[in-house]
Protein chains: 2
Amino acid sequence: METVKDPNVMREKIQKARAESRVVGFVPTMGFFHEGHLQLMRRARSECDIVVVSLFVNPTQFGAGEDFEDYPRDFERDKQMAEKEGVDFLFAPEVEDMYPEGFSTFVEVEGLSKIMCGKYRPGHFRGVATVVTKLFNIVPAHKAYFGQKDAQQLAIIRRMVTDLNIPIEIVGVVTVREPDGLAMSSRNIYLTPEERKAATILYRALKTAVEMIEKGEKDASIIREEMKKLISEEPLVSLEYIEICDNIYLKPLQALSGKVLIALAARVGKARLIDNMLFDLG
Amino acid sequence: METVKDPNVMREKIQKARAESRVVGFVPTMGFFHEGHLQLMRRARSECDIVVVSLFVNPTQFGAGEDFEDYPRDFERDKQMAEKEGVDFLFAPEVEDMYPEGFSTFVEVEGLSKIMCGKYRPGHFRGVATVVTKLFNIVPAHKAYFGQKDAQQLAIIRRMVTDLNIPIEIVGVVTVREPDGLAMSSRNIYLTPEERKAATILYRALKTAVEMIEKGEKDASIIREEMKKLISEEPLVSLEYIEICDNIYLKPLQALSGKVLIALAARVGKARLIDNMLFDLG
């Protein structure tokens, strides 16, 4: 595995690989790898000739007072983990190379960026859309892999790729969970043992929704109320939202049909956690 | 010359040309070609193996009450002119293929988009940056050619290409003028004979600035006042702004040095006209 810091060098390597007809897969990350990241790398490894992982804690997607400074980082550990997964290139640029002086261009996916997590993290998805556009130009891959855990991010990136005619295929990869159901996240490290235990209520609420749907419940408000009630019983967990919507436009649904996303966000101690489930009700 | 309407077909053709190591030059236009457009095509023709011209009157860069509907169009004439210049591909998409239902992603170059013409045309440069990003993804050329007449647009596109790591070289091409100095523009067709004559004051004002600078004047306010005075003597011309600034950040200058842009915009009858001159004072 080769570590590359310079965006221009990175692009040249990928252009060379493409010129040699190699299929390039790309996994953009903020590092501090867990099993979820590794699944993305494995999927890319199984589908592509060349696998590129980017590791960049992107300042423009953190708001004032958010955890940019504290975001967990462990470059040496990440490097070893990526190497072990057979990654070909680890792209790890410096902030000043991604955002040099005078930087002032932003990509915004309107509508989708303002709802759900966007309400609680203004500017977050603008930062995501901007850095992902940059990364797709630096790593002009055939396919890019993102976790389904970040369902809204995935919807926004798909929308952006379509709208801006970016020539890349976006692959969503199913959420990896801890044995007790908690979705894997680099931010789980913020949780105290008690909070860690309490946080499982989010998964249990989603499972309750699954069970209700399996029993035939189609009314989104009834499902949401049941989930809210359950989560409210856990004092360490402070719910931000539960949204029941389609997975493309993220439009709230009343009667469930088609592809349905149930997404939620909550604060647990210092951590802001998100989770979701996706169903195809046909 | 081949006319292509479908963005995906267009991209495939360019990707094929690139895979065959052909150098691709791209001239994005809104059509209704004049000598200025033809110069861009000739420059591209002289530097590249494959020349692509896009012809798309982009609705997102026109504000409410602007001339999107009235903007001059003559596809058959444009086609013949491009063919005669040895253009290989004319990319002429439909609005609904560029902005399908649900479109909601925009590219904004902050700062540069809000000043000068941006003050008078809110949203204009957002529309430009967005469509140019799309076009660069549809026509992944090595070089793209833009007229220096649209100096602010050129500065914004250069900034955007740098900021978003778009792998294309931007070439600015000198303004082509009518024999009496009026900068060529598709919008000159809006002018009545009287207005057409009056419009030359803009060039004469710029020439006055050149003369003052050549005589050693370094004070931007003195130059601007002289230009304003001259233009105010022409009742058919209503000045919007004169800006004396650097050509990268478009930061107003007091004492002239380095690369200096003198740019102006004015209304003449139905037409909004822009013009500028660029000096290198070392």
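FYI, it's all coordinate maths here, none of it is from the lab. Quick caveat, the model's predicted, so the values are computed rather than measured. Glycine gets a Cβ as well: all are built from the backbone with ideal geometry, and neighbour counts include every protein chain shown.
Values as computed for the structure displayed
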item	result
Failed condition for A:F103, given (1) more than 14 Å from chain B (Cβ to nearest Cβ); (2) over 30 Å from A:Y241 (Cβ atoms)	(1)
Extreme residue, nearest to A:I274 (Cα to Cα), among residues of the range A:95-132 that are without any contact (Cβ under 8 Å) to a residue 60 or more places away in the chain and among the β-branched types (V, I, T)	A:V109
Residue among A:L154, A:L164 that is surrounded by 20 or more Cβ atoms within 10 Å (Cβ to Cβ) and free of Cβ contacts under 8 Å to residues at least 24 places away in the same chain	A:L154
A:V139 surrounded by fewer than 22 Cβ atoms within 10 Å (Cβ to Cβ) and either in contact with a strand residue (DSSP E or B) (Cβ under 7 Å, 6 or more places away or on another chain) or of a type outside the set (D, E, K, R) (or both)	no
Count - residues of the range A:152-173 that are among the polar types (S, T, N, Q), at the interface with another protein chain (Cβ under 9 Å from one of its Cβ atoms) and in a helix (DSSP H, G or I)	1
Enumeration of residues in the range A:113-151 that are in a helix (DSSP H, G or I) and hydroxyl-bearing (S, T, Y)	A:Y120, A:T130, A:T133
Qualifying residues in the range B:106-140 (those that are among the charged types (D, E, K, R) and under 26 Å from B:K251 (Cβ atoms)) - the one farthest from the other protein chains (Cβ to nearest Cβ)	B:R121
Contacts under 8 angstrom Cβ, first residue in the range B:32-47 being on the phi > 0 side of the Ramachandran plot, partner surrounded by fewer than 17 Cβ atoms within 10 Å (Cβ to Cβ), 6 or more apart	B:F32/B:P72; B:F32/B:R73; B:F32/B:D74; B:F32/B:I189
Residue check for B:V176: in contact with a Lys or Arg (Cβ under 9 Å, 6 or more places away or on another chain), more than 14 Å from chain A (Cβ to nearest Cβ) and of a type outside the set (D, E, K, R)	yes
One residue from A:K228, A:K270, A:K215 being over 26 Å from A:R158 (Cβ atoms), of a type outside the set (A, V, I, L, M) and in contact (Cβ under 8 Å) with a residue 40 or more places away in the chain	A:K270
Criterion violated by B:P72 - all others in (1) in contact (Cβ under 8 Å) with a residue 12 or more places away in the chain; (2) more than 28 Å from B:K270 (Cα to Cα); (3) in contact with a Phe, Trp or Tyr (Cβ under 9 Å, 6 or more places away or on another chain) satisfied	(2)
